[in-house]
Amino acid sequence: MADAPDLRLDEDLARRASSGDRAALEALLARHLDQIHAICRRVLGHPEDALDATQEALIAISRGIHRFDGRSRFTTWMYRVATNAALDEARRRRRRPIASEHLPEKASAADATDAVDARLDVDEALATLPPEFRAAVALRDLAGLDYAEIAVVLGIPIGTVRSRIARGRGALADRLGNRDHPSERPTPRAARPERSP
Amino acid sequence: MNPPVDPTEPDPLAPAVDPRDERLSAALDGPADPDFVAGSAPVTDTDDRARAVAAARDLLAVAPPPLDDLTRRRMLRNALDAREAPTHGRRGWAARAAAPAAAAACVALVVLGVWALIHAGGSSNSSSKSAASATSGPATKTAAKIDLREVSDPAVLLQKVEAALRGTAQSSTPDVAPAPTTATDANGPAVACLSAVRVPAGTHAGVLGPATFHGAPAVVIVARDGPRILIYVLATPGCRLLSSQFLRQ
């Protein structure tokens, strides 16, 4: 979570941006771009879709900052915008035919670095869950929001937040458990969300 | 703002969650869970499942790789410009990045398509296709025209393909070179990769040019799919998919 000086800087930038200060808006977006992208990437599990969602979130913030009234933290509002952009993108992805499998990270896996392998594990484990579950996990483990904040961002009860986070972690724990038993490990193709040919 | 939440409302998505996982997970989060009571949910290091859930939590906390500077700058510029611009509905980041090039690309594709059709008259037994035919029409025989060099960076790949489709690659993109004169012969493995790319029915894939991916030989193949130009990077030989991108118009 951000510390107090960070929060004060965010609120100051947000206030100036909402009154039309372009430089403040740029600084605000630049400060949080990577975090927005991380949320979108984790919710969508797909790099290009995450770029689209990130762009949409940035534009939504840019266009909607004048409506930010400061009653909640800027980051809470920002995470809501980012999560909605990612979930919207996920819904669009379900509807739209995809030309071919997009497996850019599989190529990197050929290099078999631990980091890439771990990222594949995360993406593939989470791919078995609805994006709304991935959002709860991302908001907790990437953004560091507490359960109450996640409940506000996602508009769900705290108990649901708790169970969604547990489900996400449990799915990944299952996958990690299968590392020692490769024959039980789902194939990447099977584990990925089905995409139209 | 989201509507008020009914705390008793069941999760409509609700796949089964192991109650033990939920307890272990919540215990890991401690005070982040408002119902947490210190000491109420002990997690021991000897518990395999507890360790697995904790390891999962640690892995989930690792952020994806940050965006490259070029992509960051483009996204910020698009967002700031969009503030002043009227709303035209949703378009992806790649489309916003490529919008100025799209019109020029269309013109270039038409010209290349005509050129390809003319040259197709002299060869009736080829199965290879050009980038032009991929985006505009029937299969024709042409060699890859451009060596795209290193394309492992997604942003660089997009930039080079945009430049190549504009037909200005040689003059405006220093890291793109004319293909060697033996490109036609060397293109055999590249052309073979065309059949390895699964494109939507009714679309044609074409070889844009040879490239390298993390230094290894590769080929860039493009295909038009409605408003999108699909871009594939495949290893040569072997035709293993290394990367894929798309531009939207």
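For this structure, a couple of remarks:
- The base-10 log of I(q)/I(0) for the range A:9-64, evaluated at q = 0.22, 0.23, 0.28 Å⁻¹, reads -0.78, -0.82, -1.02 [Debye formula, identical scatterers on Cα atoms, solvent excluded].
- Karplus (6.51, -1.76, 1.60) ³J(HN,Hα), θ = phi - 60°, over the range B:211-216, in Hz, Gly and Pro reported as x: 7, 10, 10, 6, x, 8
- Summarising the amide proton neighbourhood of B:Leu242: residues at separation of 5 or more, or on other chains, whose placed amide H is nearer than 5 Å comprise B:Val233, B:Leu234, B:Ala235.
- Residue mean of other protein chain beta carbons inside 10 Å, A:28-36: 3
- Proximity of backbone amide H atoms, modeled 1.01 Å from N, is registered between B:Glu150 and B:Thr212 at under 5 Å, excluding neighbours fewer than 5 places apart on the same chain.
- Across peptide A:152-163, the average count of Cβ atoms from other chains found within 10 Å of a residue's Cβ is 6.
- Rounded to whole Hz, the Karplus (6.51, -1.76, 1.60) HN-Hα couplings of the range A:5-14, x for glycine and proline: x, 4, 4, 5, 5, 4, 5, 5, 4, 5
- Ranked by the mean number of other Cβ atoms within 10 Å of their residues, highest first, the peptides B:61-74, A:139-152, A:50-63, A:69-82 come out as A:50-63, A:139-152, A:69-82, B:61-74.
- Average partner coverage of B:150-162, which counts Cβ from other chains inside 10 Å: 1
Taken together, the values in this text are just the output of simple stated rules run on the coordinates, not laboratory data. Note that this is a predicted model, so its numbers are computed, not measured. All Cβ positions, even for glycine, are placed from backbone atoms using ideal geometry, and neighbour counts span all protein chains on display.
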